[in-house]
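Data first, discussion second: the structure below is written as structure tokens.
The values are calculated or read from the model by the stated rules, or taken from the named source; none is laboratory data. This is a predicted model, so every value here is computed, not measured. Virtual Cβ from ideal backbone geometry, glycine too; neighbours counted across all protein chains shown. Note: accessible area is taken over every heavy atom of the protein model, side chains too, but ligands, DNA and RNA are not part of it. Shrake-Rupley method; radii C 1.70, N 1.55, O 1.52, S 1.80 Å.
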Amino acid sequence: LAIPVMAAVTRAFYDNIVGVVELSGILKYFMYGVGAYIVLHLLFYKPTFVYVLGHEAVHAITSWIMGGKINSFKVSEAGGSVSTTKTNAVIELSPYFIPIYTVILMAVYFVVAYSYKINGAAFIFLIGFTLTLHLVMTIEVMKIRQPDLMKSGYLFSIVTVYVLNIIIIAMLFSLLFPSFSSKKFFVDSYVFSKDIYSVIIRQLFF
């Protein structure tokens, strides 16, 4: 039932990102970051430990925010685990749609940039790099049907993770680029979703 929302948020994101005027001069640095991670991942080294650390940290943080307590926290190249007193679909799926290293990078940037001048090109490069790390490693992990995904249902998890990734990235871009409007993105997503559902209902029942 939620699959049309995947199409709607994708179109809304595309329609809004192509109108971001700030990208005209720095898009190449973002793409350099994307390319650098792909080359690293395919040819030299998969940062499995780094990804697992961030993955389990998001589990723990999300559980803590929702009132749970952390009983154990384990991370290694072979995998990781977090034992908490509370779990639900949001806690289980949160690492798959929260690009934790991009969020940390942006938080550090805005704090430091308040007092010091920072190289914007290097920052945009790292945004592209960390976002690609998150997306590529998430896809790899989802292919092996992790228990986190199976608990909530595999198809449900894929749809939810995809939609929330687009939403989170859109919100991050709205902070980075003044001409990317998160409000317009959400309005467009709603309108496109409504249009798709309307067409489906008409085809089925009228």
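The modelled label-to-label distance between Leu43 and Leu27, using points 7 Å beyond Cα along the C-beta direction, is 2.5 nm. Shown here for the stretch 1-95: GluC sites (Glu not before Pro) in loop regions (DSSP other than H, G, I, E, B) with at most 12 other Cβ atoms within 10 Å, namely Glu77.
Using per-residue counts of other Cβ atoms within 10 Å, averaged over each peptide, order 5-14, 101-110 from highest down.
Output ranking for 5-14, 101-110: 5-14, 101-110.
Under the convention that each Lys and Arg Cβ holds +1 and each Asp and Glu Cβ holds -1, the size of the dipole of the chain around its Cα centre is about 160 debye. Lysine pair count for the chain (Cα-Cα distance under 27 Å; residues 8 or more apart in sequence or on different chains): 17.
Can you give me the % of accessible surface on the stretch 83-188 that is carbon or sulfur? Probe 1.4 Å, all protein chains present, nothing else counted. Kindly include the intermediate steps, with their values, before the conclusion.
Working: 3870 of 5450 Å².
Looking at the stretch 83-188 in its full context, I get 71 percent from C and S.
Normalised by the number of residues in the stretch 62-108, the average gap of Cα pairs under 8 Å and 6 or more apart makes the relative contact order 31 percent.
Helices in the chain that qualify as membrane-span-like (whole DSSP H runs, Cα extent of at least 30 Å along the helix axis, mean Kyte-Doolittle hydropathy of 1.0 or higher) are 120-143, 154-176. Note: relative contact order over the stretch 1-147, using C-alpha pairs below 8 Å and six or more positions apart, is 30 percent.
Between Ala107 and Ile168, full extension at 0.36 nm per residue minus the direct alpha carbon distance yields a gain of 20.5 nm. Looking at the stretch 83-167, the accessible area is 51 square angstrom per residue; that uses a 1.4 Å probe and ignores ligands, DNA and RNA.
Using just its DSSP H runs of length 4 or more, each adding -39500 (n - 2.57), the chain gives a mean residue ellipticity at 222 nm of -24500 deg cm²/dmol after division by all residues.
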